[in-house]
1. Report every pair of residues separated by at least 6 positions or lying on different chains whose Cβ atoms are under 6 Å apart, first residue within region 1-26 and over 17 Å from residue 41 (Cβ atoms) and at pLDDT 85 or above, second surrounded by 10 or more Cβ atoms within 10 Å (Cβ to Cβ) and among the charged types (D, E, K, R).
2. One residue is enough: does region 53-62 have a residue meeting the conditions out of contact with any Leu (no Cβ under 6 Å at 6 or more places or on another chain), surrounded by 15 or more Cβ atoms within 10 Å (Cβ to Cβ), assigned to a helix (DSSP H, G or I) and modelled with pLDDT under 85?
3. If a residue must be more than 22 Å from residue 10 (Cβ to Cβ) and either within 14 Å of the chain's Cα centre (by Cα) or assigned to a helix (DSSP H, G or I) (or both), how many such residues does region 21-35 contain?
4. Any residue at all in region 36-52 that's surrounded by fewer than 15 Cβ atoms within 10 Å (Cβ to Cβ), at pLDDT 90 or above and outside any helix (DSSP H, G or I)?
Amino acid sequence: MSRRGTAEEKTAKSDPIYRNRLVNMLVNRILKHGKKSLAYQIIYRALKKIQQKTETNPYACFHI
C-alpha cells in the first residue's frame, strides 16, 4: 500500500485565441517534436481557411 496521496486530476488549459480547452487539446495532440508554437500555427491556419471557405465561425465547424 502506497503512503503517498492520490494525484489530483489536471484540467486542460485554454488556448490564447479561442479560449477553448478543445482547441488546446488538439494542439497538444499534433505537437511536432515539442514545438507547441508550430502546432498552434497549423491549427490557426486551418481554422482560418475554414472561415474563408465557409464564411462562418470556424470554431462552430470544429466543434461539430
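The values are calculated or read from the model by the stated rules, or taken from the named source; none is laboratory data. These numbers come from a predicted model, not from an experiment. Reconstructed Cβ throughout: ideal geometry from the backbone, glycine too, with neighbour counts over all protein chains shown.
1. As it stands, the answer is 14/21, since those pairs meet every condition given.
2. In the first step, residues of region 53-62 are kept if they are out of contact with any Leu (no Cβ under 6 Å at 6 or more places or on another chain); the result is 53-57, 59-62.
Within this subset, residues satisfying the condition of being surrounded by 15 or more Cβ atoms within 10 Å (Cβ to Cβ) are 59, 62.
Still in the list and also assigned to a helix (DSSP H, G or I): 59, 62.
From what's left, modelled with pLDDT under 85: 59, 62.
For region 53-62, residues out of contact with any Leu (no Cβ under 6 Å at 6 or more places or on another chain), surrounded by 15 or more Cβ atoms within 10 Å (Cβ to Cβ), assigned to a helix (DSSP H, G or I) and modelled with pLDDT under 85: present.
3. The initial filter retains those residues of region 21-35 that are more than 22 Å from residue 10 (Cβ to Cβ), namely 32-33.
Of the ones still in play, those that are also either within 14 Å of the chain's Cα centre (by Cα) or assigned to a helix (DSSP H, G or I) (or both) are 32.
Number satisfying all stated conditions: 1.
4. No: zero hits.
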